[in-house]
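What follows is a set of notes on a single structure, which appears directly below.
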Amino acid sequence: MVPHRIGFVGLGIMGKAMAANLIKAGYNVFVYNRTREKTREFENSGCTAVAMPKDLAGIADIVITMVTDEKAMDEALEGPTGLFAGNFGRRHSLRHLGPQCGCSEGQTLINMSTLPVSYTKNLAEKCLKSRIYFLDCPVTGSKPLAESGQLIILAGGDENLVERMKPVLLTMGKAIVYAGPAPNGTGLKLCMNLLVAQMTSGLCESAVLAKILEINPALIFEVLKESPALNCGYFKLKQDNVLNERFSPAFSLKNMLKDVRYMLKEAETGKQSLPVLETLEKLMAKSYNTGEGGQDLTVILKTLKDYYKN
Ligand code: NAP
């Protein structure tokens, strides 16, 4: 068990917790983060931080990326400091590490960030050409589930490769849903986040309506708790944000806005209108433009309440 040497790129809200779980499980983890400060905690606990993603190519047989978007992915993979500049995937590069590294079958890139479908499709094609095994594995579940290793992994790619990577994936998550070849993991992820975006706006608008009707919004959560059909973990997760207007980020508004724009782009490409999502994009953009991008996505509650002030 645990032969893999894993390179982890991106120690943000999610990546930090996911990399920590890999270390806890005994994997030999090498970390990279653009802002070096975030690697200190890992270095202090004995983990090696590399100066650039390229450095991972010679030492890791699996590289996991958990960064914001396509620009961040390009920074991680392309250019003179990117992973690909280190000839990642050329099977012979890790021979010096011996049988311990588990790399006899070649190097694997697992992307777990939420990216555009078209970007993931191109990346899968590029990896195929470069003899890199590739999995398209975005996740659902936010910070608390990343910390407890209970994420749900939406896997796109070769099914046998998913099977081989199962022990690594299930260190970060509790379930893997196989979606078909890449970019289907990303496609499924966008469908799931459409629900999350609209559930958030539903909850926030319901709380705003309660306020103007002089109903205590806490009663909404009491009803949700009692209702077998509406009692949903997500609403519970956001209860404190909504009732106490505390917006410390578990999933930032700016990252959800990015995903909503990916969804709308896909809908446009498929000549499909998503009118509710289009309206929500405008609300989220308004919130982002008033400087709330780094807050939890429930911060749209504040934007709704201030609607006629701005
Ligand atoms: P986050 O806290 O904002 O972290 C983003 C990470 O990407 C950081 O490590 C950041 O580095 C890096 N990054 C951003 N721009 C970069 C660039 N241009 N070049 C290099 N690195 C860059 O985001 P997160 O919440 O962990 O989310 C990560 C991914 O998972 C996103 O795609 C998000 O949509 C997805 N996701 C998030 C959640 C959630 O609930 N948070 C749930 C499921 C999926 P710095 O530290 O240097 O800024």
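Where a number appears in this text, it was derived from the coordinates with a stated rule and is not lab data. Source: prediction; values computed, not measured. Here Cβ is always computed from backbone atoms with ideal geometry, including for glycine, and neighbour counts include all displayed protein chains.
Loop-located GluC sites (Glu not before Pro) in the stretch 99-194 (DSSP state not H, G, I, E or B) with no more than 14 neighbouring Cβ atoms inside 10 Å: GLU105. In the chain, taking the dipole from charged Cβ atoms about the Cα centre, the farthest positive-side position among ALA49, ASN216, ASN111 is held by ALA49.
Ranking GLY7, GLY180, LEU203 by Cα position along the charge dipole of the chain, where only Lys, Arg, Asp and Glu carry charges on their C-beta atoms, puts GLY7 farthest toward the positive end.
For the chain, averaging the sequence separation of C-alpha pairs within contact (under 8 Å, six or more residues apart) and dividing by the residue count gives a relative contact order of 13 percent. Loop-located trypsin sites (Lys or Arg not before Pro) in the stretch 232-308 (DSSP state other than H, G, I, E, B) with a sparse environment of at most 14 neighbouring Cβ atoms within 10 Å: ARG246, LYS271.
For the residues ASN122, ASN111, ASN231, a GNM of the chain with alpha-carbon springs under 10 Å puts the largest fluctuation on ASN231. About the centre of its Cα atoms, the stretch 99-200 shows a dipole size close to 140 debye [charges on the beta carbon of Lys, Arg (+1) and Asp, Glu (-1) only; nearest 20 debye].
Remark: relative contact order (the stretch 130-196) = 36 percent; criterion is Cα-Cα distance under 8 angstrom and separation of 6 or more residues. Ranking GLY58, THR269, GLY157 by Cα position along the charge dipole of the chain, where only Lys, Arg, Asp and Glu carry charges on their C-beta atoms, puts GLY58 farthest toward the positive end. Taking label positions 7 Å along the Cα-Cβ direction at both LEU213 and CYS232, the computed distance is 1.8 nm, reported to one decimal.
Oblate is the label for the stretch 136-188, because the ratio a/c of its alpha-carbon gyration tensor axes (a ≥ b ≥ c) is 1.5 or higher and a/b is not greater than b/c. Highest mobility in the GNM of the chain, judged by mean-square fluctuation with C-alpha springs under 10 Å and restricted to GLN239, GLN198, GLN272, is found for GLN272. Charge dipole of the chain (Cα centre as origin; +1 on each Lys and Arg Cβ, -1 on each Asp and Glu Cβ, all else neutral): 460 debye, rounded to the nearest 20. Comparing mean-square fluctuations of GLY149, GLY12, GLY233 from a GNM of the chain with C-alpha springs under 10 Å, the top value falls on GLY233.
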